[in-house]
Amino acid sequence: MRKSWQAAEVSAVRPETARSRTIRLRFPDAVTGIAGQHVDLRLTAGDGYQAVRSYSVAGWIPPDELEVTIEELKDGEVSPFLVNDLAPGDELEVRGPVGGWFTWTPDQEGPLQLIAGGSGVVPLMAMLRAHSGAGSAVPARLLYSVRGPEQVFYGSELAVIGQENPHVTVDFAYSREAPDGQPVGRLTREAVMRACFPPEDLPSVYVCGSTGFVEAVASWLVDAGHEAGRIRTERYGG
Amino acid sequence: MDSADQHPHDHDHLDGNALAGALEQFMVDLTSARCTCAHCGSSSALGAALLYTHAPGMVLRCPTCTSVLLCLSDQEGRQVLTVDGIRQFAVTSR
C-alpha cells in the first residue's frame, strides 16, 4: 500500500461523454491494486492552496498505469480543470490506490451483483474488467442507471462484454431519455429486483452512486431479503 | 524503599515496546476494519460509515445512530485523530 504522495504523469486522455473523460496516469514505478479502490488526486494552486479529491480507478494497464474517469461537477473546484484543461504530459500528485472495503477480487465466492447510478459505474467497471481479465466464470450482472444514452460511460466496451461474455449480463435503466423502444423513468424497486440475482443466490452486491441512489437501492435490497452484510455501498460526492 | 515496593505490579508487566509486533497487524487498510460505536454499540465497517468533509477536518459518523466516531484534522503539520466515539476496533488477524 502506498502511503505518500507521488507525481504521476498524464499519459493519455479520452472523452467518455460531453462532460466527462478518462485520464490515464503513468506512475514512476509499477502500480497494482484491487478493483473498487480509488486514488486521491491533489492539486496545488499558484498561491499554495491545495485541494484533494478521491476518484475511483476504472482500470489498470500493467505495469505502471491506471485510469480514472472524471465527470465535471457544476461549480466543482477540481473536476472542471481535470475534465477540460488537464493535458497529456501534465503531472498530478497522486496517493494510492487505496481502499479495502468497497473492493472485489476474482477469488471471491458467489455471484457478483453491480448496481451503478450515473458516474458510480466507474469502480464497478473496474470490477467487471477484473472479472473478464481473470476469465472468471462467476455469474455477474451490472444494472446501470443513467439519465440517457448520451451519458453512458464505457458504452461500446459494455456492449461487447454483455454480448460476448456468457457469464455477464448488462442492463441499463434510463431515467430521462432512452433509446427507441426502451422504458424511461426513475429507477424503481421492481426494476432493481428484476435485474438482480435473488437473495437466495447469496450474491455479493456493490452499489455506487449518489447518496440518495445508494440509500434507496440498499434499502430495497434489504427489504427484499438480501443480507445487509453482503451489500457494500459507495457514495460519491456532489 | 525501592521502586518495586512502590509499584507492586512491576514484575507483572512489560512496556509498550513489546506491542510493536501485535500492533503491526493494524498497519492495513483501515477502512475494512470493523468498529463498534461507543454510543449505540452497533458495529460496522469503517468504510460503511458516514463521512463529512465540510467541517474543518473530517468527521466520521456512525451509520446507525450518527454519533461521531472519529475526527481527523491537520493541526500545524500533524495529523490528529480523535476516536472518542469508537469503543472497539477490529481487524482480521494476520
Can you pull a Stokes-Einstein diffusion coefficient for the protein assembly as shown at 37 °C (0.692 mPa s), Rh from Kirkwood over Cα pairs, as a whole number of µm²/s?
150
Per q in 0.15 Å⁻¹, report the Debye log10 I(q)/I(0) for chain B, using one uniform scatterer on each alpha carbon and no solvent.
-0.72
Evaluated at 4 °C and 1.567 mPa s, the Stokes-Einstein D of the range A:121-209 based on the Kirkwood radius over Cα pairs, in µm²/s, stands at 94
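How much accessible area is lost when chains B and A come together, counting both sides, with a 1.4 Å probe, in Å² rounded to the nearest 100?
600
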What is the spin-label model distance, in nm, from B:HIS13 to A:ALA30 if the labels are put 7 Å beyond Cα along the C-beta direction?
4.6
Mind putting a number on the dipole of the range A:112-235 about its Cα centre? Charges go on the C-beta only, +1 for Lys and Arg and -1 for Asp and Glu, and I need it in Debye to the nearest 20.
220
Obtain the nm distance between the two label points defined at B:MET58 and A:ALA7 by a simple spin-label model: each point lies 7 Å from its Cα along the Cα-to-C-beta direction.
2.5
Run the lone-cysteine check on the protein assembly as shown: no other Cys C-beta under 4.7 Å from the residue's C-beta.
A:CYS196, A:CYS208, B:CYS35, B:CYS71
So, R0 is 22 Å and r is the distance between the beta-carbons of B:LEU51 and A:ARG230; what FRET efficiency does that work out to, to 0.05?
0.50
Using a 7 Å offset from the Cα along the Cα-to-Cβ direction at both B:CYS65 and A:ASN84, what is the distance between the two label points in nm, to one decimal?
4.7
Complex-versus-alone comparison for the range A:90-119, residues with a loss of 30 Å² or more in accessible area, probe 1.4 Å:
A:GLY100, A:TRP101
Among A:PRO123, A:THR211, A:TRP101, the residue whose Cα sits farthest towards the positive end of the charge dipole of the protein assembly as shown, when +1 is placed on the Cβ of each Lys and Arg and -1 on the Cβ of each Asp and Glu, is A:THR211
The protein assembly as shown accessible area per residue, 1.4 Å probe, protein heavy atoms, integer Å², reads 54
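Expressed as a rounded percentage, what relative contact order does chain A have, with Cα pairs under 8 Å and six or more residues apart?
19
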Quarter of the surface of the C-alpha convex hull for the range A:6-98, i.e. direction-averaged projected area in nm², equals 5.8
Could you tell me what percent of the accessible area of the protein assembly as shown is made up of carbon and sulfur, with a 1.4 Å probe and every protein chain present?
50
Going out from 0 in 10 Å bins, what whole percent of all Cα-Cα distances in the range A:91-138 drops into each bin?
21, 48, 25, 5, 0
Kindly tabulate the residues in the range B:21-68 with an accessible-area decrease of at least 40 Å² between the chain alone and the assembly of all protein chains, using a probe of 1.4 Å.
B:ASP29
Where the centre of each part is set by its Cα atoms, how far does the range A:103-178 sit from the range A:50-93, in angstrom?
21
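Considering only DSSP beta bridges whose two residues both sit in the protein assembly as shown, what percent are antiparallel, to the nearest 5? Intermediate values should be presented prior to the final figure.
Details: 53 of 77 bridges.
Antiparallel: roughly 70 percent of the beta bridges in the protein assembly as shown.
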Not counting the cut sites, what is the longest span of chain A without chymotrypsin sites (Phe, Trp or Tyr not before Pro) that DSSP labels loop and that have at most 15 other Cβ atoms within 10 Å?
A:50-238
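The values are calculated or read from the model by the stated rules, or taken from the named source; none is laboratory data. Computed from a predicted model, the values in this text were never measured in an experiment. All Cβ positions, even for glycine, are placed from backbone atoms using ideal geometry, and neighbour counts span all protein chains on display. Remember, those area values only see protein heavy atoms, side chains included, never the ligands or the DNA or RNA. Shrake-Rupley method; radii C 1.70, N 1.55, O 1.52, S 1.80 Å.
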